[in-house]
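Some notes on the structure that comes next.
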Ligand code: EPU
């Protein structure tokens, strides 16, 4: 087991480059199953979730080659299996995208229920509702989802999601790609990675319109051909570095970002007192003394992302005054890290969906453990801002989604080490 050892209290200075978006990559890589031919995907983050997904595809018969850092070519022409290795599938969340991709290409799929970060109950009823509307018979057991064509065969349809779900929107988009007729997803998620997946599929010959709005239309096509596509920068990785500078202090250029995707995050950090300058594809952030308290409510995009809840909470713990942080996507997400921050001196009271955070002067180092990816990232930020030494355990959660985080922070002047026990 490895852990991070962080000696806090050093401001961050310099430039950090953001990798491709995890949540776009974990949708685009399984989407290669839909393509007849080779997909060359650029800006792929080298993180453990991506490695697992590529192992799954390879195990199913795909040819997968890391051509150079950040560039992967995938050819799924030789894939015949519709039953991906369940042990690998259970290691991560987004493996459920194999359901939609296999259903579309092979008209059947037998996929274990996914694993991944377990910070809340994460049902997949909306994915299932979508597959059924597309004509699939769904046999769901405790461990597996088995999809086969129903009596009327598979076909496009109109589906209105009961909740705005990234996963269901992605899975239905994939499933509909190669089916006859038109599919319309209403109340669709609008996250940047939904648009990125649609752009990838359209580059390969799909006919998807409306991605990024709440109505996505997919006109089924017979085949998708190979091509080259570059994944967008990671909104949440970028937001994590911005929050780190806000909390630890300093002056950093965060490059390879789409500033528009960052507005919901930078506007809150500005309210808290940091200076932000947007350039075409980078953002400069400069701390400006003690942070001020604020109010944040997480919402689906373009709102403040739930995946930045924990990181902004760290900023609130050392801001002047009382901040309020309301979670509206995953109610139980506070429990993944608030008690760890309390061990570092934070004053947080959770009242239902809202955390009331009374700012203190400084956090102090402590031995803490990550319970999920973003909670882990928040503890790293807390360690950077704290006085003394912080030990962050369970770092495999963090390495699921942040490429070379230790190297990047070290280059910014942080004192952080990855120590093998
Ligand atoms: N929901 C349902 N039924 C469903 C699907 C979702 O009730 O069938 C509910 C969920 O319980 C939740 C809400 O809908 O309350 C939104 O869930 P969503 O389906 O959008 O989440 P997801 O697709 O499982 C993705 C990201 C998460 C991110 C959420 C919300 C990926 C691989 N994961 O999860 O990212 O928190 O959207 O934005 O894209 C992370 O990167 O750390 C992470 C957890």
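Over what distance in Å are the Cα centres of the stretch 1-79 and the stretch 156-215 separated?
Each part's Cα centre sits 22 Å from the other's.
Sequence gap at least 6, Cα distance under 8 Å: using those rules, report the relative contact order of the stretch 22-230 to the nearest whole percent.
21
Output the peptides 352-361, 160-169 sorted from most to least packed, where packing is the average of other Cβ atoms within 10 Å over each peptide's residues.
160-169, 352-361
Rg and Dmax of the chain, using alpha carbons, in Å: what are they?
21.3, 66
I want the antiparallel fraction of DSSP beta bridges within the stretch 22-230, as a percent rounded to 5. Mind dumping the intermediate values first?
Details: 26 of 36 bridges.
Approximately 70 percent, going by the DSSP bridge assignments.
From a point 7 Å beyond the Cα of residue 279 in the direction of its Cβ, which residues of the stretch 10-51 have a backbone N at a distance under 11 Å?
So the set is 15-16.
Restricting to DSSP H runs of at least four residues, report the calculated mean residue ellipticity at 222 nm for the chain, -39500 (n - 2.57) per run over all residues, nearest 500 deg cm²/dmol.
-9000 deg cm²/dmol
Sequence gap at least 6, Cα distance under 8 Å: using those rules, report the relative contact order of the chain to the nearest whole percent.
21 percent.
How far apart, in nm, are the 7 Å Cα→Cβ label points at residue 209 and residue 77?
Modelled inter-label distance: 3.3 nm.
Eigenvalues of the Cα gyration tensor times 5, then square-rooted: what semi-axes does that give for the stretch 287-421, in whole angstrom, largest first?
Details: eigenvalues 103, 61, 40 Å².
The equivalent ellipsoid of the stretch 287-421 has semi-axes of 23, 17, 14 Å.
Quick one: length gained pulling residue 418 to residue 360 fully straight, 0.36 nm per residue minus the C-alpha distance?
18.1 nm
Expected output is a single nm value to one decimal: the length gained when fully extending between residue 295 and residue 122, i.e. 0.36 nm times separation in residues minus the C-alpha distance. What is it?
Details: separation 173, 0.36 × 173 = 62.28 nm, distance 2.60 nm.
Full extension of this stretch gives 59.7 nm more.
Explain nothing, just the number: relative contact order of the stretch 304-421, from Cα pairs under 8 Å at least 6 residues apart, as a whole percent.
Once normalised by length, the contact order is 23 percent.
Can you tell me which of 191-202, 340-351, 12-23 comes out highest on packing, and rank the rest after it, using the mean Cβ neighbours within 10 Å?
Most protected by this proxy first, the peptides run 191-202, 12-23, 340-351.
How many angstrom lie between the C-alpha centres of the stretch 397-417 and the stretch 86-144?
32
When ranked by the protection proxy of mean other Cβ atoms within 10 Å per residue, highest first, what sequence do the peptides 315-327, 257-269 form?
Going by the mean number of other Cβ atoms within 10 Å, highest first, we get 315-327, 257-269.
Report the antiparallel proportion of the DSSP beta bridges in the chain as a percent, rounded to a multiple of 5. Provide the component values of the computation, followed by the final result.
Values: 56 of 81 bridges.
The antiparallel proportion sits near 70 percent.
Over every pair of different alpha-carbon atoms in the stretch 142-259, take the mean of 1/r and invert it; report that Kirkwood radius in Å.
On the way: mean 1/r = 0.0612 Å⁻¹.
In the stretch 142-259 this quantity evaluates to 16.3 Å.
What does DSSP give for the stretch 300-421 in terms of the percent of beta bridges that are antiparallel, rounded to the nearest 5?
70
Quick one: check the C-alpha center-to-center distance for the stretch 359-374 versus the stretch 287-328, whole angstrom.
When both Cα centres are located, 15 Å separates them.
log₁₀ I(q)/I(0) of the stretch 22-230 at q = 0.08, 0.11, 0.15, 0.16 Å⁻¹, via Debye over equal Cα point scatterers, no solvent, to two decimals?
Per q value, in the given order, log10 I(q)/I(0) is -0.22, -0.43, -0.85, -0.99.
Read-outs throughout are calculated quantities, based only on the coordinates presented, and are distinct from any laboratory measurement. On a predicted model such as this, the values are computed, not experimentally measured, just so you know. So basically every Cβ, Gly included, is an ideal-geometry build from the backbone, and we count neighbours across all protein chains shown.
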